[in-house]
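Below is one structure; the comments refer to it alone.
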Amino acid sequence: MNNNLLTVNIAGLKLQNPTALASGILGYTGDSFKFVEESGAGAIVTKSVGVSPRVGYSNPTVVQAKSGLINAVGLPNPGINEYTEELKYAKSVLKVPLIVSVFGYTSEEYALVAVKAAEAGADAVELNVSCPHVKYTGSEIGQNPKLLTDVVCAVKSAVQKPVIVKLSPNVTDIVELGKAAVKAGADALTVINTVRALAIDVETQEPILSNVRGGLSGPAIKPIAVRCVYDIFEALPKTPIFGCGGVSDWRDALEFFLAGASAVQVGTAIAFEEPAVFEAINKGVTAYLKRKGYGSVKEIVGLSHQA
Amino acid sequence: MEVSKKLSAYLTKLNTIRTTAIKSVKSESPTVKTFTLEDDICSKANPGQFLMLRIPGIDEIPLSILNAGEGQVQFSVKAVGDATRHLHNLTTGDLLGLRGPFGTSFTETRGRVLLIGGGTGTAPLLFLAKRLAAKVDRLSFVIGAKTKNELLYLTELDAVCTDESAIATTEDGSYGLQCLATEPLEKLVDKQKFNMIYTCGPEKMVKSIFNFAEKRKIAMEASLERLIRCGIGLCGSCMIGKYRVCRDGPVFTMARLSEVKDELGMSKLGFDGSRIEV
Ligand SMILES: Cc1cc2nc3c(=O)[nH]c(=O)nc-3n(C[C@H](O)[C@H](O)[C@H](O)COP(=O)(O)OP(=O)(O)OC[C@H]3O[C@@H](n4cnc5c(N)ncnc54)[C@H](O)[C@@H]3O)c2cc1C
Ligand SMILES: Cc1cc2nc3c(=O)[nH]c(=O)nc-3n(C[C@H](O)[C@H](O)[C@H](O)COP(=O)(O)O)c2cc1C
Ligand code: FES
């Protein structure tokens, strides 16, 4: 959807509407990004990509919980060299900003992948320092202010494009990590990645995921995500935020805006509400803004803090 | 809003793993076994849909539904690798996890229909043929395999054909015609005007049938395979063109096959998300 009420600007990225595809969801091919764009998304975040190819974990990699999913896919990705062609193709067919999600095992790796992604046409990079189920990367970096600072500094000094840092909720104080990322140069934050979780089959009496532990997404984590956005906005009111976690309709999106997010990313709802969820959110938000007499979605960002 | 809440509750139910004991196992060929399980949700599946089968502690794999009804579901499994070989070692009473049924099903048509199955790809077509048998004017079935003892479901196929029997083809000539399953196509279509071809099997076979159907302007539906992880249209492992094989497929109509024909029989995503040959 494309109307003036909905346009936002996040760290220099111009979005026609405040919704984006979350990383790891329909995240590999230019054709699938195009399809998601046509379904109404205002920006695309790719699957997280690293230096070398990874096949990920064996199935089961995604398991249903009562109001969400637990996944441990294990960051399968072709490696940035192989992926460059697909990124170039994606860039050539997309109208909306293309954000490449990046992971690595060292700050040098994060920087290397970010540079290659930028060369292939990425409009921004999102640093996955929050994947909860792969050793020596993801949240093992994002939970440690020192490692996080190193990674963000390394990437910032290597690329000119906006750098977005995706935070993990699996920490004692998310604000501390958010501050570290911003101090190191992060242009925006994505709040949050999945919440560490586990499911057990009572008949076989063993964990279901092949990796045992995974990350919870979907409606179950929305209140946690809204709280995290609220806390981050309170501490860092000038840093643009992508709210992420359990957004499945326009009311959910509005909660995130009111808590302090400038836009939302949508993942799990794509399976349960279809990709048309983007259009539905945009319609609902537009109607709300008109009904309440606002001229732009920007006017309601963080509004709940004044109450 | 109402509709979408209902859909999401329904999908949550389908996608929740049910762990259940194997009711029975039947050997179809030296490499293929058919399993019967009790599951209310999968027993309502339609031909072409698939389920995700968890072999506890080993893997979770997609399998086409061979038969469904009266609280039960059946599928056939060919032993090709780790998970499927493990499955072949299980027997009545052993536990398996199920979710689904997922994906699109074949459109039921009337008139004259031709079904072409290769290997275990014959399973969803047999399910379809049983549904169609009493309703169509003509039902012809071509089944192909490398060699005689890999031809599946022969007696059941004969029973659903309106011809005297199904046409069997083997690559080594040990049974039926010595040729690929695609070969009898031209003759059959010259003799009879078919208004629909249904197929499932190796993708090179599907591709050549697609090329034929396109040239002869016959409607067609094919069930395709890609790497399935989530099975619910989320992870993107199963993309062909802009479609998700697990959600928008596995059954593709002629129109959609045309849209993805550059990838059909050519490329797919591998376990690491890179493009590999089919
Ligand atoms: C929609 C659909 C329906 C299917 N129906 C049947 C059926 O009715 N009967 C049958 O015997 N087989 C069927 N298959 C194929 C079956 O899923 C694979 O043979 C099985 O997953 C192999 O597992 P493995 O561990 O034994 O072999 P592996 O050694 O792990 O793999 C052998 C090959 O099987 C394929 N494969 C492995 N894992 C998967 C996966 N998660 N998704 C898709 N392909 C995979 C790959 O091409 C791989 O190269 C179907 C596949 C799909 C996508
Ligand atoms: C199947 C699946 C794969 C994911 N892969 C990634 C990934 O590669 N990188 C990443 O940063 N987040 C990944 N995520 C997390 C999502 O981007 C998102 O942060 C999380 O799912 C919460 O949003 P949601 O409730 O809308 O799904 C994945 C989530 C799911 C369900
Ligand atoms: S298997 Fe995950 S989208 Fe199809």
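Can you give me the number of residues within segment A:14-38 that are surrounded by 24 or more Cβ atoms within 10 Å (Cβ to Cβ), among the aliphatic types (A, V, I, L, M) and more than 8 Å from chain B (Cβ to nearest Cβ)?
4
Please find, among B:219, B:168, B:213, B:181, the residue that is more than 30 Å from residue A:62 (Cα to Cα) and either within 14 Å of chain A (Cβ to nearest Cβ) or buried (at least 24 other Cβ atoms within 10 Å of the Cβ) (or both).
None of the other options fit; the residue is B:181.
Pairs only if they're at least six apart or on different chains, beta carbon under 9 angstrom, first in segment A:257-275 and farther than 16 Å from residue A:43 by Cα and within 7 Å of another protein chain (Cβ to nearest Cβ), second at pLDDT below 95 and near ligand 2 (Cβ under 8 Å from one of its atoms); list them, first residue then second.
If the second residue must be at pLDDT below 95 and near ligand 2 (Cβ under 8 Å from one of its atoms), no pairs are left.
Going residue by residue through segment A:206-221, is there one that turns out to be out of contact with any Gly (no Cβ under 7 Å at 6 or more places or on another chain) and either assigned to a helix (DSSP H, G or I) or among the acidic types (Asp, Glu) (or both)?
No, segment A:206-221 contains no residue that is out of contact with any Gly (no Cβ under 7 Å at 6 or more places or on another chain) and either assigned to a helix (DSSP H, G or I) or among the acidic types (Asp, Glu) (or both).
With the structure loaded, tell me whether residue B:273 is under 20 Å from the mean Cα position of the chain (by Cα), within 15 Å of ligand 2 (Cβ to nearest atom), assigned to a loop (DSSP other than H, G, I, E, B) and within 12 Å of chain A (Cβ to nearest Cβ) or whether it fails that test.
no
Which is more than 8 Å from ligand 1 (Cβ to nearest atom), closer than 23 Å to residue A:64 by Cβ and over 14 Å from the mean Cα position of the chain (by Cα), of B:98, B:114, B:90?
B:98
On the basis of being of a type in the set (A, V, I, L, M, F, W, C), part of a loop (DSSP other than H, G, I, E, B) and surrounded by fewer than 21 Cβ atoms within 10 Å (Cβ to Cβ), does residue A:134 make the cut?
Judged against the criteria, residue A:134 is not a match.
For segment A:39-116, which fully contained strands (runs of 3 or more DSSP E) count at least 3 residues that are away from chain B (no Cβ under 13 Å) and under 29 Å from residue A:9 (Cβ atoms)?
A:98-102
Which of the residues that make up segment A:171-225 are in contact with an Asp or Glu (Cβ under 7 Å, 6 or more places away or on another chain) and charged (D, E, K, R)?
A:222
Find the residue count for segment A:231-268, including only residues that are part of a loop (DSSP other than H, G, I, E, B) and either within 16 Å of ligand 3 (Cβ to nearest atom) or not small (Gly, Ala, Ser) (or both).
9
Going by the structure shown, is residue B:127 away from ligand 1 (no atom under 16 Å from the Cβ) and either among the aromatic types (Phe, Trp, Tyr) or under 15 Å from the mean Cα position of the chain (by Cα) (or both)?
So residue B:127 does not fit the description; no.
Residues to consider are B:236, B:176; find the one that is crowded, with 20+ Cβ neighbours inside 10 Å and within 14 Å of another protein chain (Cβ to nearest Cβ).
The conditions single out B:236.
Report yes if residue A:127 is within 14 Å of another protein chain (Cβ to nearest Cβ) and outside any loop (DSSP other than H, G, I, E, B), otherwise no.
Spelling it out, it is not the case that residue A:127 is within 14 Å of another protein chain (Cβ to nearest Cβ) and outside any loop (DSSP other than H, G, I, E, B).
So how many residues does segment B:35-68 have that are in a loop (DSSP other than H, G, I, E, B), small (Gly, Ala, Ser) and under 15 Å from the mean Cα position of the chain (by Cα)?
2
Within segment B:99-147, can you find the residues that are closer than 24 Å to residue B:29 by Cα and free of Cβ contacts under 8 Å to residues at least 40 places away in the same chain?
B:129, B:141, B:143, B:145, B:146, B:147
Restricting attention to segment B:65-78, does a residue exist that is within 14 Å of another protein chain (Cβ to nearest Cβ) and either in contact with a Ser or Thr (Cβ under 6 Å, 6 or more places away or on another chain) or surrounded by 14 or more Cβ atoms within 10 Å (Cβ to Cβ) (or both)?
Within segment B:65-78 (the criterion being within 14 Å of another protein chain (Cβ to nearest Cβ) and either in contact with a Ser or Thr (Cβ under 6 Å, 6 or more places away or on another chain) or surrounded by 14 or more Cβ atoms within 10 Å (Cβ to Cβ) (or both)), the answer is no, since none of the residues qualifies.
Looking only at segment A:95-144, which residues are among the small types (Gly, Ala, Ser) and more than 15 Å from ligand 2 (Cβ to nearest atom)?
A:107, A:111, A:118, A:120, A:121 - these are the residues of segment A:95-144 that are among the small types (Gly, Ala, Ser) and more than 15 Å from ligand 2 (Cβ to nearest atom).
When only residues in segment B:30-51 that are crowded, with 19+ Cβ neighbours inside 10 Å and of a type in the set (Gly, Ala, Ser) count, which is farthest from the other protein chains (Cβ to nearest Cβ)?
B:48
For segment A:286-307, give me each residue that is aliphatic (A, V, I, L, M) and over 18 Å from residue A:233 (Cβ atoms).
Within segment A:286-307, A:287, A:289 qualify.
Can you tell me how many residues within segment B:207-231 are part of a loop (DSSP other than H, G, I, E, B) and more than 16 Å from ligand 3 (Cβ to nearest atom)?
Qualifying residue count, segment B:207-231: 3.
Inspect segment B:90-99 for any residue being more than 13 Å from every other protein chain (Cβ to nearest Cβ) and surrounded by fewer than 21 Cβ atoms within 10 Å (Cβ to Cβ) and give the result as yes or no.
Yes: segment B:90-99 contains one or more residues that are more than 13 Å from every other protein chain (Cβ to nearest Cβ) and surrounded by fewer than 21 Cβ atoms within 10 Å (Cβ to Cβ).
List the pairs whose first member sits in segment A:284-307 and is touching a residue at least 24 places away in the same chain (Cβ under 8 Å) and hydroxyl-bearing (Ser, Thr, Tyr), whose second member is surrounded by fewer than 17 Cβ atoms within 10 Å (Cβ to Cβ) and part of a helix (DSSP H, G or I), and whose Cβ atoms are under 9 Å apart, counting only residues at least 6 apart or on separate chains?
Close Cβ pairs (under 9 Å, with a partner that is surrounded by fewer than 17 Cβ atoms within 10 Å (Cβ to Cβ) and part of a helix (DSSP H, G or I)) amount to A:288/A:251; A:288/A:300; A:294/A:300.
Filter segment A:274-297 for residues that are among the small types (Gly, Ala, Ser), part of a helix (DSSP H, G or I) and surrounded by fewer than 17 Cβ atoms within 10 Å (Cβ to Cβ) and give the result.
Listed by number, the list holds a single entry, A:287.
Quick one: in segment B:232-250, which of the residues that are touching a residue at least 12 places away in the same chain (Cβ under 8 Å) and in a strand (DSSP E or B) is nearest to ligand 3 (Cβ to nearest atom)?
B:239
For segment B:244-258, which positions are farther than 10 Å from residue A:26 by Cα and within 13 Å of ligand 1 (Cβ to nearest atom)?
B:245, B:246, B:247, B:248, B:249, B:250, B:251, B:252
Among the residues of segment A:113-131, write down those that are buried (at least 24 other Cβ atoms within 10 Å of the Cβ) and either out of contact with any strand residue (DSSP E or B) (no Cβ under 6 Å at 6 or more places or on another chain) or free of Cβ contacts under 8 Å to residues at least 24 places away in the same chain (or both).
A:129, A:131
The values are calculated or read from the model by the stated rules, or taken from the named source; none is laboratory data. Computed from a predicted structure; not experimentally measured. Quick reminder, even Gly has a Cβ in these numbers, built from the backbone with ideal geometry, and neighbours come from all protein chains shown.
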